[in-house]
Amino acid sequence: MKQPIYKILVLLVLLMTQTEHVYSFGFHAHRKINRMAVFTLPPEMIGLYKTHIEFISERSIDPDRRAHAVQGEAPRHYIDIDHFGEDPFEVMPRKWDEAVEKFTEDTLMQYGVLPWHIHVMMGRLTRAFRNNDMDDILLQSAHIGHYIADACTPLHTTKHYNGRTPDERGIHAFWESRLPELYAHRYDYFTGRASYIHDPLERAWELVEISHLKVDTVYLVFDSLRQHMPEDIMYAHETRGQAINRVYSRDYSRAFHDGMNDMVARQMQLAVRAVGDFWFTAWVNAGQPELEPLHGRSISQRLRNFLRQEEKSLASGRNRRSPYDPE
Ligand SMILES: [Zn+2]
């Protein structure tokens, strides 16, 4: 009796993991990036962020929870920039209005709006600082951290986000979830002090470009290993709760990770630093408001209730728009 149940479980898991778009750096990595970004902040900011570090890291994954349920959320997590030809960064206007003019809003929504959404989030975070609204500062900080981290993952910048061929499917979750889960605890996250970004939209585009330049290497290493590694060594089965997962084995994961020469670590470090830079810049642009009066406060009951309700409604698949997400 064991064999058929096992096979059904594996099949179910495979079906579950072969969804069209994967929106996440991996929950583990997102939490870690937001957490470590707190330590890049200057003395005027770090107190508030340290007090609420659990909130900042835990809420980093809200945007992924929404991606499947809230209309218009999914394209904020990626940009398939290579859809736009051989020299996409030459062709694509950096500013939203000019990009809409050139390619239409429908097309941009279809291929992803990640860098522009980071810019939108920057506006929200700056406004939250101006209003001295602690709930909003913490929530927008957590959420912008998510999108910035997504911009630091190469496979969020390509139409080949989950393999160029059927054989390569699964590469997305492998790179951004499995590898950080296995190795992120070994990385060094010391990135220095956050610094001011003169042009946040331009910086968001730079992150996308830095990440996109790595797509070829990701595939090159992945494929060259596949050619030399027998299938029974490439894969392993792992039990998670009730489910049995077919995953890439530790040997293959290690070889892929090493073959990319610490790319995952470098991209996570890039994300940590960028998240700190964006938080710091929003605070400076808001006029460097005094945050100390907020230190003793807790997250409001209203926000806690809202987040609890949202989790329930997302779990039940109902569409819901956040009051903290006004557009
Ligand atoms: Zn995401």
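The values are calculated or read from the model by the stated rules, or taken from the named source; none is laboratory data. Keep in mind it's a predicted model, so treat the numbers as computed, not measured. Cβ placement follows ideal geometry from the backbone for every residue including glycine, while neighbour counts extend to all protein chains displayed. Areas reflect the complete protein model, heavy atoms only, side chains present, ligands, DNA and RNA absent. Shrake-Rupley method; radii C 1.70, N 1.55, O 1.52, S 1.80 Å.
The share of accessible area on region 132-187 that comes from carbon and sulfur is 46 percent, using a 1.4 angstrom probe. Under 20 Å from a label point set 7 Å out along the Cα-to-Cβ vector of Leu213, the amide N atoms of region 132-151 belong to 148-151. Dipole magnitude for region 159-306: computed about the Cα centre from +1 point charges on Lys and Arg Cβ and -1 point charges on Asp and Glu Cβ, it is near 500 debye. Annotation: peptides 53-61, 146-154, 263-271, 297-305, ranked by per-residue average of other Cβ atoms within 10 Å with the highest first, follow the order 146-154, 263-271, 53-61, 297-305. At a probe radius of 1.4 angstrom, the accessible area of region 208-327 per residue rounds to 54 square angstrom.
For region 28-131, the relative contact order is 23 percent, taking Cα pairs closer than 8 Å that sit 6 or more residues apart in sequence and dividing their mean separation by the residue count. Subtracting the Cα-Cα distance of Glu90 and Ile299 from 0.36 nm times their residue separation leaves 70.9 nm of extension gain. Computed over neighbours whose Cβ is under 12 Å from that of Thr107, the net charge equals -3, Lys and Arg +1, Asp and Glu -1. For region 206-327, the share of accessible area belonging to carbon and sulfur comes to 46 percent (1.4 Å probe, ligands and nucleic acids excluded). Take every Cα pair under 8 Å whose residues are at least 6 apart in sequence, average their separation, divide by the length of region 193-269, and the relative contact order is 23 percent. Each part gets one Cα centre, and for region 226-263 versus region 169-215 those centres are 21 Å apart. With 31 Å as the limit, the listed pairs Lys50/Lys312; Lys50/Lys214; Lys50/Lys159; Lys95/Lys312; Lys32/Lys102; Lys95/Lys214 have Lys50/Lys214; Lys50/Lys159; Lys95/Lys312; Lys32/Lys102 beyond it between alpha carbons. For region 52-97, taking the reciprocal of the average inverse distance between every pair of different Cα atoms yields a Kirkwood hydrodynamic radius of 13.2 Å.
The Cα atoms of region 83-230 cover 59, 42, 23 Å along the three principal axes, with the biggest extent listed first. Taking only the alpha carbons of the chain, we obtain Rg and Dmax values of 20.1, 67 Å in that order.
Local charge sum around Phe256 (other residues, Cβ-Cβ under 13 Å, Lys/Arg +1, Asp/Glu -1)? Counting the neighbours of Phe256, the net charge comes to -2.
Taking each residue as 0.36 nm, the span from Phe190 to Ser224 lengthens on full extension beyond its C-alpha to C-alpha distance by 9.0 nm.
Report the relative contact order of region 117-230, percent, no decimals, based on alpha-carbon pairs under 8 angstrom and at least 6 residues apart. In percent, rounded to a whole number, it is 32.
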